[in-house]
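Encoded as structure tokens, the structure appears first; notes follow it.
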Amino acid sequence: MGSKRDSPVNVLSIWLRKRSMKVKIFLGILLAFSALVALKFTIRDPNFFFQVSETIHIVGLIVLIYKLYAQKTCSGLSLKSQEITALFLTIRLGVSAYMEANIHTVLDLIYLLSTLLVIWLIRFKLKSSYMKEFDNMWLSFLVVPSAILAIFIHPFTRHVWIARVLWAFTVYVEAISILPQLRYMQNAKMVETFTGYYVFALGVSRFVSLAYWIIHTYETGGKYLFLFGYGYLWMLAALLTEVIQSFILADFCYYYMKSFMQGQLLKKMPV
């Protein structure tokens, strides 16, 4: 009977650790490309990408809520990141009900209710375990620039001006809403296990969403960025927010996978 040391995961982990950084980067790009190709040929409905992305995010939140109830501690979790998430979700839910009113609206409602539950747990039920000194990013640095950018770059549709600006605002804020959480982990110099699961779920969620943009931009020869009469700058800005959010989470996901394959606890991950 083989030992844990001889398991395929452990053997692969040892093999990867011996490779140079260039080889690791190449393998990472190859894996991402393979995933994109697989998604292109298995998913036909474009909306499915967004539904999967939001569903993965909600699953990550459910895991986080389980951690809060089971361990009765919110250490390692940024309240500010949850609050700014609730902000853009509340606005997006209202705008979505006016502009779309579809399955995305329902998913946003579930997402918002889950986020509000997390905020309530941190602020009241588990307040004694909240480490405020690590959660020190100013939300105004994120909200104000996003609002200014939304005023100048937003979709040009038949809807009223304020609805279009608010929609753009939610897109920009969502792209950087994880920054307070990453700042918290950097200050604390550790990552709680379930918090790590949650952030990794966000990373996977953003990859699926970014895959939609990459695949459709490729299939249309770049014309997708100038469709729908939304305005050239808006479509490019929306794509850029996806890229920025994905790159923000990419570094964490790398260390997550590295620690997972080495069988280490996430709290030992470098940040």
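Would you mind stating whether Tyr197 is more than 20 Å from the chain's Cα centre (by Cα), in a helix (DSSP H, G or I), at pLDDT below 90 and over 25 Å from Ser96 (Cα atoms)?
Working: more than 20 Å from the chain's Cα centre (by Cα): no; in a helix (DSSP H, G or I): yes; at pLDDT below 90: yes; over 25 Å from Ser96 (Cα atoms): yes.
When the stated conditions are applied, Tyr197 does not pass them.
For the range 142-187, which residues satisfy the criterion of being more than 21 Å from Glu242 (Cβ to Cβ) and small (Gly, Ala, Ser)?
Ala163
Being aliphatic (A, V, I, L, M) and either in contact with a Ser or Thr (Cβ under 6 Å, 6 or more places away or on another chain) or touching a residue at least 12 places away in the same chain (Cβ under 8 Å) (or both), is that true of even one residue in the range 123-130? Walk me through how you get there before you give the answer.
So in the range 123-130, the residues aliphatic (A, V, I, L, M) come out as 126.
Imposing the further condition that a residue be either in contact with a Ser or Thr (Cβ under 6 Å, 6 or more places away or on another chain) or touching a residue at least 12 places away in the same chain (Cβ under 8 Å) (or both) reduces the set to 126.
Yes - at least one qualifying residue is present in the range 123-130.
Return a yes/no flag: does the range 42-59 have any residue that is at positive phi and at pLDDT 85 or above.
As a first pass, look at the range 42-59 and keep what is at positive phi: none.
No; the residues of the range 42-59 include none that is at positive phi and at pLDDT 85 or above.
In the range 183-194, what residues are crowded, with 19+ Cβ neighbours inside 10 Å and either among the acidic types (Asp, Glu) or in a helix (DSSP H, G or I) (or both)?
Tyr184, Met185, Ala188, Glu192, Phe194
Taking the range 221-249 only, how many residues are open to solvent by less than 50 Å² (accessible area, probe 1.4 Å) and at pLDDT 65 or above?
Result for the range 221-249: 12.
Which of the residues that make up the range 69-87 are more than 16 Å from Gln181 (Cα to Cα) and part of a helix (DSSP H, G or I)?
Across the range 69-87, the qualifying residues are Tyr69, Ala70, Gln71.
The values are calculated or read from the model by the stated rules, or taken from the named source; none is laboratory data. Please read all numbers here as calculations on a predicted model, not as lab measurements. A quick note on method: Cβ atoms are made from the backbone with ideal geometry, for glycine too, and the neighbour counts reach across all protein chains shown. Accessible surface areas use protein heavy atoms only, side chains included; no ligands, DNA or RNA. Shrake-Rupley method; radii C 1.70, N 1.55, O 1.52, S 1.80 Å.
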